[in-house]
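Visitor: Got a structure here, written out as structure tokens. Questions coming.
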Amino acid sequence: MDKILVPDTSRRWDCVSLGEVMLRLDPGDGRIHTARHFDVWEGGGEYNVARGLRRCFGLRTAVATALAENPVGRLVEDLILQGGVDTALVQWMPYDGVGRTVRNGLNFTERGFGIRAAAGCSDRGQTAISQVKPGDFNWPLIFGMGNGTKWLHTGGIFAALSPSTAEVAAEAMDSARAASAPISYDLNFRDSLWKSIGGKIKAQEVNRELVRKVDVLLGNEEDFSAMLGVHLKGVSEDFAELPIAAYEQMLRDVAAAYPNLKLIATTLRTAHTATRNAWGAIALHQDKIVHVPQRDIEIYDRVGGGDSFASGLIYGLVAGKPIEYAVQCGVAHGALAMTTPGDTSMATLAEVERAMKGGSARIAR
């Protein structure tokens, strides 16, 4: 695999993420079905990466998305602005007053605790971003002179929202490639998104085409199996034991099937309980395996951990760091993001680098 492209530094954004941003409603320590109040956050698989890159790593990021023009959409916008992500690429769709034709997505999320697993219930039919079509975003202008981005990130959640969103993802990738901007793609399989439109067969049909346009591919073992049909051998259903040789072979199988890929990475997670996981990662770059062994971490809110792994990894690549640094940065950032509530990271770069060095949790004052 070739070296990751390092584009020029004169572009407006360090990363543009393409995907849905939903309003997350969080019952805190309670359950969705017994809640009497919710905290609100913004979140989305692709967006979380842009926000992490901005808030933790200080990069300039934007999100290409669409929202219904109503108070809920404006609340999501306000949350995005608080995260420092540029909203210049947000498209606003007229609201009909009741949501028959266009809506903003809602995502109810329980954190889980001990033997009670985290759980989510999304309400995202007919959302604004699911209705975008090729031509709705002016990608040549976005990637061209006067704008431009060092990196494009999108993923399998966005591609699953509708037939047209997969076409928009392909359109964005083609423009990014023409502008020499590297493309990362997080497979992020969600059974709830695919089951009514053809299941894993349709997921593989869509994603096999998109992955041929990608430079950096991310996922976990379920993602690679469900989205690409590449299976991990020798692993039990509960993933209690993760044979590294099997993961290495899986990555090599993906690389052989998609020679365009320059880096393939997968997180390594064993959920002992909802609040204690073993967490690490393994990556393949230039035919070399980079392995960050699992270590046990305490979990406060696991949602978004993989997205924070992605943003830490991308930061390392954009910053021109060694591949070992990039993978370790992703693991550390993901671990820290899971110690705070919400989808998005509250970590700082200093905290990430301290965790990468094995720093303790002694109070800093």
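The values are calculated or read from the model by the stated rules, or taken from the named source; none is laboratory data. Just so it is clear, the model here is predicted, and its values are computed rather than measured. A quick note on method: Cβ atoms are made from the backbone with ideal geometry, for glycine too, and the neighbour counts reach across all protein chains shown.
Visitor: Looking at GLN126, is it surrounded by fewer than 24 Cβ atoms within 10 Å (Cβ to Cβ), out of contact with any Lys or Arg (no Cβ under 9 Å at 6 or more places or on another chain) and within 23 Å of GLY99 (Cα to Cα)?
Guide: Working: surrounded by fewer than 24 Cβ atoms within 10 Å (Cβ to Cβ): yes; out of contact with any Lys or Arg (no Cβ under 9 Å at 6 or more places or on another chain): no; within 23 Å of GLY99 (Cα to Cα): yes.
So GLN126 does not fit the description; no.
Visitor: Now a separate question. In segment 206-221, what residues are surrounded by fewer than 21 Cβ atoms within 10 Å (Cβ to Cβ) and over 22 Å from HIS285 (Cβ atoms)?
Guide: The one that is surrounded by fewer than 21 Cβ atoms within 10 Å (Cβ to Cβ) and over 22 Å from HIS285 (Cβ atoms): GLU209.
Visitor: Assess whether GLY312 counts as being touching a residue at least 60 places away in the same chain (Cβ under 8 Å), closer than 21 Å to GLY229 by Cα and not in a loop (DSSP other than H, G, I, E, B). Explain how you work it out, then say what you get.
Guide: Working: touching a residue at least 60 places away in the same chain (Cβ under 8 Å): yes; closer than 21 Å to GLY229 by Cα: no; not in a loop (DSSP other than H, G, I, E, B): yes.
No, not satisfied.
Visitor: Limited to segment 27-49, what total is found for residues that are modelled with pLDDT of 95 or more, charged (D, E, K, R) and more than 21 Å from LEU193 (Cα to Cα)?
Guide: The qualifying residues number 3.
Residue by residue, here is whether (1) touching a strand residue (DSSP E or B) at 6+ places or on another chain (Cβ under 9 Å); (2) under 16 Å from LEU228 (Cα atoms) holds:
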residue	(1), (2)
ARG111	yes, no
ALA117	yes, no
GLN131	yes, no
ILE157	yes, yes
ARG190	yes, yes
ALA203	no, yes
ARG208	no, yes
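Visitor: Still on this structure, I have one more. For VAL352, are the conditions met, namely being touching a strand residue (DSSP E or B) at 6+ places or on another chain (Cβ under 8 Å), within 30 Å of LEU79 (Cβ to Cβ), in contact (Cβ under 8 Å) with a residue 12 or more places away in the chain and in a helix (DSSP H, G or I)?
Guide: Details: touching a strand residue (DSSP E or B) at 6+ places or on another chain (Cβ under 8 Å): no; within 30 Å of LEU79 (Cβ to Cβ): yes; in contact (Cβ under 8 Å) with a residue 12 or more places away in the chain: yes; in a helix (DSSP H, G or I): yes.
Considered against the rule, which asks whether it is touching a strand residue (DSSP E or B) at 6+ places or on another chain (Cβ under 8 Å), within 30 Å of LEU79 (Cβ to Cβ), in contact (Cβ under 8 Å) with a residue 12 or more places away in the chain and in a helix (DSSP H, G or I), VAL352 comes out as no.
Visitor: Something else now. Just a yes or no: is a residue in segment 321-329 in contact (Cβ under 8 Å) with a residue 60 or more places away in the chain and either assigned to a loop (DSSP other than H, G, I, E, B) or in contact with a helix residue (DSSP H, G or I) (Cβ under 9 Å, 6 or more places away or on another chain) (or both)?
Guide: Filtering segment 321-329 for residues in contact (Cβ under 8 Å) with a residue 60 or more places away in the chain gives 323, 327.
Filter once more, keeping what is either assigned to a loop (DSSP other than H, G, I, E, B) or in contact with a helix residue (DSSP H, G or I) (Cβ under 9 Å, 6 or more places away or on another chain) (or both): 323, 327.
Scanning segment 321-329, I find at least one residue that is in contact (Cβ under 8 Å) with a residue 60 or more places away in the chain and either assigned to a loop (DSSP other than H, G, I, E, B) or in contact with a helix residue (DSSP H, G or I) (Cβ under 9 Å, 6 or more places away or on another chain) (or both), so the answer is yes.
Visitor: Right, next: Working carefully through the options GLY198, GLY135, GLY99, find the one that is without any contact (Cβ under 8 Å) to a residue 40 or more places away in the chain, surrounded by 15 or more Cβ atoms within 10 Å (Cβ to Cβ) and at positive phi.
Guide: Within the list GLY198, GLY135, GLY99, the selection yields GLY99.
Visitor: Sticking with this structure for a sec: Quick check: anything in segment 334-341 assigned to a loop (DSSP other than H, G, I, E, B), at pLDDT 95 or above and not polar (S, T, N, Q)?
Guide: Within segment 334-341, one or more residues are assigned to a loop (DSSP other than H, G, I, E, B), at pLDDT 95 or above and not polar (S, T, N, Q).
Visitor: Further question: Could you grab me the full set of residues in segment 47-91 that are charged (D, E, K, R) and in a helix (DSSP H, G or I)? Steps first, please.
Guide: Within segment 47-91, the first condition is being charged (D, E, K, R), and the residues that meet it are 51, 54-55, 60, 69, 74, 77-78, 86.
Once the filter is applied, which keeps residues that are charged (D, E, K, R) and in a helix (DSSP H, G or I), segment 47-91 yields ARG51, ARG54, ARG55, ARG74, GLU77, ASP78.
Visitor: Out of all the residues in segment 290-312, is one or more farther than 21 Å from LEU349 by Cα and of a type in the set (Ser, Thr, Tyr)?
Guide: Scanning segment 290-312, I find no residue that is farther than 21 Å from LEU349 by Cα and of a type in the set (Ser, Thr, Tyr), so the answer is no.
Visitor: Out of the residues in segment 286-329 meeting the condition of being of a type in the set (D, E, K, R) and in contact with a strand residue (DSSP E or B) (Cβ under 9 Å, 6 or more places away or on another chain), tell me which one is surrounded by the most Cβ atoms within 10 Å (Cβ to Cβ). Step through it out loud before you land on a result.
Guide: In the first step, residues of segment 286-329 are kept if they are of a type in the set (D, E, K, R); the result is 287-288, 295-296, 298, 301-302, 307, 321, 324.
If we keep only those that are in contact with a strand residue (DSSP E or B) (Cβ under 9 Å, 6 or more places away or on another chain) too, we end up with 295-296, 298, 301-302, 307, 324.
On the way: ARG295: 12, ASP296: 10, GLU298: 11, ASP301: 22, ARG302: 22, ASP307: 31, GLU324: 15.
Within segment 286-329, the match that is surrounded by the most Cβ atoms within 10 Å (Cβ to Cβ) is ASP307.
Visitor: Under 7 Å by Cβ, and 6 or more places apart or on different chains, what pairs join a residue from segment 23-41 that is closer than 20 Å to GLY105 by Cα with one that is of a type in the set (A, V, I, L, M) and part of a loop (DSSP other than H, G, I, E, B)?
Guide: Filtered contacts from segment 23-41: PRO27/ALA35.
Visitor: Just to be sure, is TYR258 in contact with an Asp or Glu (Cβ under 9 Å, 6 or more places away or on another chain), at negative phi and at pLDDT 95 or above?
Guide: When the stated conditions are applied, TYR258 does not pass them.
Visitor: Something else now. Select from segment 342-365 the residues that are surrounded by fewer than 14 Cβ atoms within 10 Å (Cβ to Cβ) and of a type in the set (A, V, I, L, M, F, W, C) and write down the one among them that is modelled with the lowest pLDDT. Walk me through how you get there before you give the answer.
Guide: So the first thing to find is which residues in segment 342-365 are surrounded by fewer than 14 Cβ atoms within 10 Å (Cβ to Cβ), and the list is 350, 357-365.
Still in the list and also of a type in the set (A, V, I, L, M, F, W, C): 350, 361, 363-364.
Details: ALA350: 97, ALA361: 56, ILE363: 50, ALA364: 58.
The extreme case among them is ILE363.
Visitor: Between residues in segment 47-73 that are under 17 Å from LYS150 (Cα atoms) and in contact (Cβ under 8 Å) with a residue 60 or more places away in the chain and residues that are surrounded by 24 or more Cβ atoms within 10 Å (Cβ to Cβ) and small (Gly, Ala, Ser), which pairs lie under 6 Å by C-beta distance while being six or more apart or on different chains?
Guide: VAL49/SER17; VAL49/ALA310; VAL49/SER311; ALA50/SER17; GLY52/SER308; GLY52/SER311; GLY52/SER345; LEU53/SER311
Visitor: Of everything in segment 247-268, what is more than 12 Å from LEU217 (Cα to Cα) and touching a helix residue (DSSP H, G or I) at 6+ places or on another chain (Cβ under 8 Å)? Give them in sequence order.
Guide: Listed by number, the residues that qualify are TYR247, MET250, ALA257, LEU268.
Visitor: Can you give me the number of residues within segment 65-93 that are hydrophobic (A, V, I, L, M, F, W, C) and touching a Pro at 6+ places or on another chain (Cβ under 9 Å)?
Guide: Kept after step one, since they are hydrophobic (A, V, I, L, M, F, W, C), are these residues of segment 65-93: 66-68, 72, 75-76, 79-81, 85, 88-90, 92-93.
Remaining after also requiring touching a Pro at 6+ places or on another chain (Cβ under 9 Å): 68.
Qualifying residue count for the region: 1.
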